[in-house]
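S.K.: My questions will all concern the structure given below.
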Amino acid sequence: MKNISIIPQPVKIELTGGEFLFTPETSIVAAGDAAGVAAYLAEVLQPALGHKSVISPAAAKPDQPVIHLSIDSELSRLGKEGYLLSINPQQVDIKAPAPAGLFYGVQTLRQLLPPEIFADKPAETITWSVPCLEIEDYPRFGWRGAMLDVCRHFMPLEFIYKFIDLLALHKMNSFHWHLTEDQGWRIEIKKYPKLTEVGAWRRETMVGRLEWGQTEFKFDGIPHGGFYSQDQIRQVVDYAKSRFINVLPEIEMPGHSQAAIASYPELGNTGKQIEVSCGWGIHEDVFNVEESTILFLQDVLTEVMELFPSTFIHVGGDECPKTHWKNSPAAQKRMKDLGLKDEDELQSYFIRRMDTFLTAHGRRLVGWDEILEGGLAPGATVMSWRGEEGGITAANADHDVVMAPTQYTYLDYYQSQDTDKEPLAIGGFLPLERVYQYDPVPQGIQPDKVKHVLGTQAQLWTEYMPNPAHVEYMAFPRLSALSEVAWTPLDRKDYSQFIQRLRAHLSRLDALKVNYRKLD
Ligand code: ACM
């Protein structure tokens, strides 16, 4: 289909012939619950248009060319994120049963307009042709996301906003914000100021890659850090909400917690003052399992819940070495007192306490698939990263799952086997085509449990992504491919056709100044 290159590919497109011309006079008609999305459309068109489009509740004249946005409750069969887009020479008409669907209709419209609409300066001439057509569209999955690690390398706020906008362009609806780690604690917690006074800063950063068996590391001698204030976080959450994106916060426990222990040594198992980690890998300093530590983390989660309306709260749970618990008389006594048979059960106890706490506050716990070890907490949702096995086990046991397996969704892996020509990465190999071919519903889930697969998301761990430009290089265009995995029905997916559409899509990313990796 000439000139039509929408990513992710819609469910149904029918070209009807002719064109609608968008001119500087084109106005937006919207009323009631459609008004917010209309304001968004005017806002995103403004830089290229050079002025803000007029929004009015009704067309001034019957034959005036307009973009008409309306909520139509009769369309509930499309689900709350579905929409109909109908374009004829007189008008662009987007209808949806709910504002989220209208928003996605607007994303499709943006991709039907020429790429210069994505630029940050006024276009030379504004007579933008849009093909006449009928589109019916809705997503395959309700969870379409990306995780960004801002701990290994702190990412400036402007980039967080840009990243959210890029997710929105791809009809993704979940921004998983990985906020705490061994190498940095990045969220202000009022009750425990040292988490950011101490925990947000490290002395220096490891240089080069962690090679198998390597014991000596080089460091750069440059202090690194940063954190987001609660006010900044509230603004990000509001901004994401206006783009129909849920912000899922992740507070890591009981592992990946060295920055917190450096801030408050009583949270660890040795009582020793340690420093915020300067190197990558799995760290042995993990939270102890004392009641005081559980209460500390519940206090943290209380502030997190005040900032993030997200139903889901992520508590990490991955890669927690048990050495310190094995060596700690206090942890061993705790295990015995609780009648637990091993350290896996102790971790499971710890996560259950968080599950009970979050559930009592009307929220739902999410954790990486290690939370299956030692028994899954009753309300837990599992994010399956070590392959698909954790997701299969959890779904078959009637738990919701989000599929995030390394072999399809880890965008920190190399994009080419010719690694000498690529910037240093953590390892692995995940080409664009493999991401595209992913099906988040694995073999092995019983047919009646498939409903537990909420969706999928990309992972951007930033050990080897020191700045936003580098994150963009690793994210795109693979995230464009993943958006289609998450949105488009299986029978509408076609890699060679995707690549053709992607070529046009990349000119949009050019206009948006995204530092994507060029196609081979
Ligand atoms: C992970 O990659 N440790 C979830």
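S.K.: Does the stretch 383-413 hold any residues that are away from the ligand (no atom under 16 Å from the Cβ) and among the aromatic types (Phe, Trp, Tyr), and which are they? Walk me through it before giving the result.
M.R.: First, the residues of the stretch 383-413 that are away from the ligand (no atom under 16 Å from the Cβ): 392-393, 395-400.
Those that are away from the ligand (no atom under 16 Å from the Cβ) and among the aromatic types (Phe, Trp, Tyr): none in the stretch 383-413.
S.K.: Let me ask another. Here is a check on your reading of the model: is ALA475 over 24 Å from GLY391 (Cα atoms) and of a type in the set (Gly, Ala, Ser)?
M.R.: Numbers: over 24 Å from GLY391 (Cα atoms): no; of a type in the set (Gly, Ala, Ser): yes.
In short, no.
S.K.: Looking at LEU307 and the list (1) farther than 29 Å from ASP238 by Cα; (2) in contact (Cβ under 8 Å) with a residue 60 or more places away in the chain, which single condition is not satisfied?
M.R.: (1)
S.K.: Answer yes or no as to whether ALA377 is among the aliphatic types (A, V, I, L, M) and at pLDDT below 95.
M.R.: Details: among the aliphatic types (A, V, I, L, M): yes; at pLDDT below 95: yes.
The answer is yes for ALA377.
S.K.: On to the next question. Select from the stretch 322-342 the residues that are closer than 18 Å to ARG352 by Cα and surrounded by 14 or more Cβ atoms within 10 Å (Cβ to Cβ) and write down the one among them that is nearest to the chain's Cα centre (by Cα). Even if it seems obvious, please write down each step before you answer.
M.R.: Narrowing the stretch 322-342 to residues closer than 18 Å to ARG352 by Cα: 322, 325, 331, 334-342.
Now narrow it down to the ones that are surrounded by 14 or more Cβ atoms within 10 Å (Cβ to Cβ): 322, 325, 331, 334-335, 340, 342.
Numbers: LYS322: 29, TRP325: 33, ALA331: 35, ARG334: 37, MET335: 36, LEU340: 36, ASP342: 34 Å.
Filtering first and then ranking leaves LYS322.
S.K.: Could you grab the pairs with beta carbons closer than 9 Å, sequence gap of 6+ or different chains, first residue in the stretch 47-59 and at positive phi, second one among the basic types (Lys, Arg)?
M.R.: Once the first residue is at positive phi and sits in the stretch 47-59, its partners that are among the basic types (Lys, Arg) give GLY50/LYS121.
S.K.: So for the stretch 189-197 (the condition being in contact with a Leu (Cβ under 8 Å, 6 or more places away or on another chain) and either over 22 Å from LEU479 (Cβ atoms) or without any contact (Cβ under 8 Å) to a residue 12 or more places away in the chain (or both)), does at least one residue qualify? Outline the logic, then answer.
M.R.: In the first step, residues of the stretch 189-197 are kept if they are in contact with a Leu (Cβ under 8 Å, 6 or more places away or on another chain); the result is 189.
Filter once more, keeping what is either over 22 Å from LEU479 (Cβ atoms) or without any contact (Cβ under 8 Å) to a residue 12 or more places away in the chain (or both): 189.
Yes, there is a match, as at least one residue in the stretch 189-197 is in contact with a Leu (Cβ under 8 Å, 6 or more places away or on another chain) and either over 22 Å from LEU479 (Cβ atoms) or without any contact (Cβ under 8 Å) to a residue 12 or more places away in the chain (or both).
S.K.: Oh, and also: Restricting the search to the stretch 325-365, which residues are of a type in the set (A, V, I, L, M) and assigned to a helix (DSSP H, G or I)? First the steps, then the outcome.
M.R.: Narrowing the stretch 325-365 to residues of a type in the set (A, V, I, L, M): 330-331, 335, 338, 340, 346, 351, 354, 358, 360, 365.
Listed by number, the residues that qualify are ALA330, ALA331, MET335, LEU346, ILE351, MET354, LEU358, ALA360.
S.K.: Please indicate, with yes or no, whether at least one residue in the stretch 366-374 is farther than 30 Å from ASP231 by Cβ, touching a Ser or Thr at 6+ places or on another chain (Cβ under 8 Å) and part of a loop (DSSP other than H, G, I, E, B). Let's see the steps before the verdict.
M.R.: To start, the set of residues in the stretch 366-374 that are farther than 30 Å from ASP231 by Cβ comprises 369-374.
Imposing the further condition that a residue be touching a Ser or Thr at 6+ places or on another chain (Cβ under 8 Å) reduces the set to 369, 371-374.
Okay, now just the ones that are also part of a loop (DSSP other than H, G, I, E, B), so 373-374.
So far as the stretch 366-374 goes, yes, one or more of its residues are farther than 30 Å from ASP231 by Cβ, touching a Ser or Thr at 6+ places or on another chain (Cβ under 8 Å) and part of a loop (DSSP other than H, G, I, E, B).
S.K.: Within the group VAL37, VAL11, VAL29, VAL54, which residue is closer than 30 Å to TYR495 by Cβ and β-branched (Val, Ile, Thr)? Even if it seems obvious, please write down each step before you answer.
M.R.: Details: VAL37 fails: closer than 30 Å to TYR495 by Cβ; VAL29 fails: closer than 30 Å to TYR495 by Cβ; VAL54 fails: closer than 30 Å to TYR495 by Cβ.
Just one listed residue meets the conditions, VAL11.
S.K.: Please go through the stretch 17-37 and give me each residue that is on the phi > 0 side of the Ramachandran plot and touching a Ser or Thr at 6+ places or on another chain (Cβ under 9 Å), ordered by number.
M.R.: Looking only at the stretch 17-37, we keep the residues that are on the phi > 0 side of the Ramachandran plot, and these are 17-18, 32.
The answer is GLY32, and nothing else.
The values are calculated or read from the model by the stated rules, or taken from the named source; none is laboratory data. Everything quoted here is computed from the prediction, not taken from an experiment. Don't worry about glycine lacking a Cβ; one is built from the backbone with ideal geometry, like all the others, and counts go over all protein chains shown.
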